[in-house]
Structures are given as C-alpha cells and as structure tokens.
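Data block below; observations after.
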Amino acid sequence: MKTIGILTSGGDAPGMNAAIRAVVRTALDKGLKVMGIQRGYSGLINGEIFEMNRHSVSDIIHRGGTILRTARCEEFRTEEGRKRAAKVLKVFGIDGLVVIGGDGSFTGARLLSELGVSAVGIPGTIDNDLAYTQYTIGFDTALNTVLDAINKIRDTSTSHERVSVVEVMGRNCGDIALYAGLAGGAESVIIPEKGYNLNELCRNILEGKLRGKMHNLIVLAEGVGGAEELAKKIEEVTGIITRATILGHIQRGGSPSAFDRVLAARLGAKAIEVLLEGKKARVVGIRDGKVIDQDINEALSTKREFDEELFDIARALSY
Ligand code: ATP
C-alpha cells in the first residue's frame with residue numbers, strides 16, 4: 001500500500017476533523033501518500049481529489065464540521081456510479097480508502113470493497129446508532145450540547161412552572177435522548193426503543209406537580225415523533241402549559257469534546273494500521289475501552305442491544 005484516500009460522508013459530526021487529522025498524520029508518519037477526497041462519494045465520482053500533507057490538517061482538531069465537506073450522493077447508490085468511483089480511485093493511484101461516516105456511508109464502502117477496493121470505515125455520526133461500536137465520533141459532543149440546552153430549558157421551565165418537551169436527534173436510536181435525559185435529570189425520556197403511553201406520561205406530570213415539582217422536562221428522541229405534537233397532547237390532557245423545543249442542527253456543530261477527539265485519534269490510527277495489514281473491508285470501533293476492527297458485513301448486521309439497565313436507572317431517578 002502506497003497511497004490512501006480519505007473522505008467524509010453522510011451527516012457531519014463534531015470530531016470528523018480530528019479523525020481526518022489523525023488519519024492523515026498517521027499515514028504520513030508511516031510513509032504513505034494521502035489524497036483528500038472532497039464531498040464524500042460525490043466528490044470521489046467527480047475526481048475532487050487533492051494531495052494532503054501534515055499542514056493540510058493544521059488547526060482543525062478543535063473545529064466542528066469537516067474540512068473535506070460532506071454530501072449525500074444518489075449516483076453512488078447505482079452500480080454504475082460505484083464502478084466510476086472505483087475507476088477514479090485507480091486513476092489517482094489510491095489503493096486504500098478511509099470512509100468516515102454512518103451506516104449509509106459504510107454500506108457504500110462495503111459495496112465498493114466488492115469491486116476490489118480496500119476500504120475501512122471510521123464511525124462518525126452523532127446518532128451512536130452503529131451497534132458494533134460502543135461509541136461513534138460526535139456522539140459525546142452532541143450529548144454535551146443537548147445537556148447544555150436542557151440545563152437552560154430547566155431554568156425557564158422551573159420559573160414558569162411549565163412542562164418542557166425537548167426534541168433531540170438520533171434518528172431511530174434513543175442514545176442521545178437517554179444519556180442526555182439521565183445526565184440532565186429529565187422527568188421522562190421517550191425513545192424509539194421503548195415507546196411511551198400518553199396517559200402514563202400525563203399521570204407522572206400531574207403527580208409530580210402535586211408533589212411540588214416546579215418543572216417537568218421530557219426528552220423526546222426524534223424517532224418517536226414531533227415535540228410540538230406531543231406538547232399539544234400533554235397540554236390538552238393535563239391543562240399545564242407545555243412548550244416544545246426542537247434542538248435541531250446545533251447538535252451537529254461545535255467544537256468536539258475531549259472524548260471525541262481522543263476517540264478520533266485512536267480510531268484514525270487504527271484505520272491506517274488495518275489498511276497496512278492488507279485487510280480489505282473493515283470498520284474500526286471501540287468496545288470495553290479497547291479499539292477494535294471488524295469485518296464491515298458483520299458490523300453492519302450486528303443488532304443493537306438496548307441498555308435496559310441505563311433506562312431503568314433514568315426512570316428510577318426521575319421522580
Ligand atoms: P448519518 O448516520 O450521519 O446520516 P450516513 O452515512 O448513514 O450518515 P447516508 O446519507 O445514509 O448517511 O449515506 C451517505 C452516502 O452513502 C449516501 O449519500 C450514498 O452516497 C452512500 N450510501 C448510503 N447507502 C447506500 C447504499 N445502500 N448503497 C450505496 N451507497 C449508499
């Protein structure tokens with residue numbers, strides 16, 4: 001292996017830049033040439049490729065987003081598009097590809113590896129929805145952003161003695177909601193893995209009010225439904241003013257946390273090690289504090305194990 005390519009794909013996540021830096025500098029340290037591919041698979045197909053050096057990744061470790069930009073690429077979903085992508089890699093002499101992204105991007109990398117490309121995936125998504133790894137890069141930062149918002153919403157919720165529904169990201173994974181709800185002392189956490197019962201929820205709110213609770217914070221994962229709709233339903237049943245806050249894209253931006261930066265460094269270094277070992281279709285991740293690599297097919301078919309214990313702790317501490 002002489003030359004590697006690197007791209008970021010799918011939704012951006014804080015810590016992607018730290019991962020790019022880790023990949024580029026580790027590769028250069030091992031004597032490899034590094035080519036940066038802009039705008040994910042779209043830039044790959046269009047040949048938006050440039051050589052990177054140590055300086056290319058200077059001053060980015062603390063920045064959110066991705067200096068390589070990211071994109072969603074429909075053409076890459078077709079076999080013809082992927083064949084073009086494989087050809088472009090050959091033209092640029094790239095014999096190993098690092099893909100930083102979520103499950104969709106990994107599926108793309110898996111299909112590309114079927115065309116003979118050596119690819120390795122680094123999990124970069126705030127959703128934490130990749131079952132094979134305990135944490136994805138960006139999750140911890142997003143979690144802290146949500147926590148900061150919850151702390152602020154709690155102040156106003158208490159002052160006005162209102163119910164607050166805070167909608168957070170995570171697609172079909174409830175981790176952001178569960179961890180933020182637990183860390184922020186929310187009264188209820190509503191996540192796709194568990195669903196909810198409106199009558200039970202409203203009963204908790206009314207009982208809390210009778211016990212003298214000044215506020216009631218409900219953290220709602222986007223995969224369950226909309227905050228506005230839920231707030232309306234709660235207000236109808238309880239008669240208590242209920243406000244909805246949709247945190248939206250602030251969860252995807254911002255300077256990565258120390259945890260995400262360290263994770264990015266470890267996974268970036270591992271990705272290069274995996275390529276140098278000649279492995280073809282792998283992903284890297286973290287389990288029980290140890291950096292691991294795994295076959296991409298196996299990783300994508302791993303079923304998520306929901307952390308019932310954590311959910312139960314959040315419930316027990318909530319009233
Ligand atoms: P996030 O979890 O942050 O949304 P993601 O990687 O899952 O990130 P997607 O939009 O699902 O984001 O995928 C990114 C890109 O990967 C797509 O635009 C497409 O180019 C490629 N891709 C996704 N799924 C497939 C697939 N089934 N076949 C081929 N390519 C795919």
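So the values come out like this:
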| quantity | calculated |
| --- | --- |
| Looking only at the range 91-105, and only at residues there that are within 11 Å of the ligand (Cβ to nearest atom) and outside any helix (DSSP H, G or I), the one that is surrounded by the most Cβ atoms within 10 Å (Cβ to Cβ) | Ile100 |
| Number of the exception - Val146 against (1) surrounded by 22 or more Cβ atoms within 10 Å (Cβ to Cβ); (2) at pLDDT below 95 | (2) |
| Test: residue in the range 65-81 that is within 18 Å of Pro123 (Cβ to Cβ), surrounded by 19 or more Cβ atoms within 10 Å (Cβ to Cβ), of a type in the set (Lys, Arg) and in contact (Cβ under 8 Å) with a residue 40 or more places away in the chain | no |
| Test: Arg203 is charged (D, E, K, R) and surrounded by fewer than 19 Cβ atoms within 10 Å (Cβ to Cβ) | yes |
| Filter pass, Gly208 being over 30 Å from Arg266 (Cα atoms) and either within 16 Å of the ligand (Cβ to nearest atom) or within 28 Å of the chain's Cα centre (by Cα) (or both) | no |
| Gly170 among the small types (Gly, Ala, Ser), within 16 Å of the ligand (Cβ to nearest atom), buried (at least 23 other Cβ atoms within 10 Å of the Cβ) and within 19 Å of the chain's Cα centre (by Cα) | yes |
| Any chance Gly116 is assigned by TED's automatic domain parsing to the domain that holds Asp12, modelled with pLDDT of 95 or more and more than 12 Å from the ligand (Cβ to nearest atom) | yes |
| Among (1) of a type in the set (A, V, I, L, M, F, W, C); (2) within 16 Å of the ligand (Cβ to nearest atom); (3) over 13 Å from Asp260 (Cβ atoms), the one test that Ala149 misses | (2) |
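Matching residues to (1) among the small types (Gly, Ala, Ser); (2) within 16 Å of the ligand (Cβ to nearest atom); (3) crowded, with 22+ Cβ neighbours inside 10 Å; (4) in a loop (DSSP other than H, G, I, E, B):
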{"residue": "Thr107", "(1), (2), (3), (4)": "no, yes, no, no"}
{"residue": "Gly121", "(1), (2), (3), (4)": "yes, yes, yes, no"}
{"residue": "Thr133", "(1), (2), (3), (4)": "no, yes, yes, yes"}
{"residue": "Ser159", "(1), (2), (3), (4)": "yes, no, no, no"}
{"residue": "Val165", "(1), (2), (3), (4)": "no, no, yes, no"}
{"residue": "Leu182", "(1), (2), (3), (4)": "no, no, no, no"}
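Residue by residue, here is whether (1) surrounded by fewer than 20 Cβ atoms within 10 Å (Cβ to Cβ); (2) closer than 17 Å to Val99 by Cα holds:
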position: Gln251; (1), (2): no, no
position: Pro256; (1), (2): no, no
position: Leu267; (1), (2): no, yes
position: Lys279; (1), (2): yes, yes
position: Arg282; (1), (2): no, yes
position: Ile286; (1), (2): yes, yes
position: Lys290; (1), (2): yes, no
position: Ser301; (1), (2): yes, no
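Yes/no per residue for (1) of a type in the set (Gly, Ala, Ser); (2) surrounded by fewer than 24 Cβ atoms within 10 Å (Cβ to Cβ):
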| position | (1), (2) |
| --- | --- |
| Leu7 | no, no |
| Lys30 | no, yes |
| Leu44 | no, no |
| Gly47 | yes, yes |
| Arg54 | no, yes |
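The values are calculated or read from the model by the stated rules, or taken from the named source; none is laboratory data. All values derive from a computational prediction rather than experimental measurement. So basically every Cβ, Gly included, is an ideal-geometry build from the backbone, and we count neighbours across all protein chains shown.
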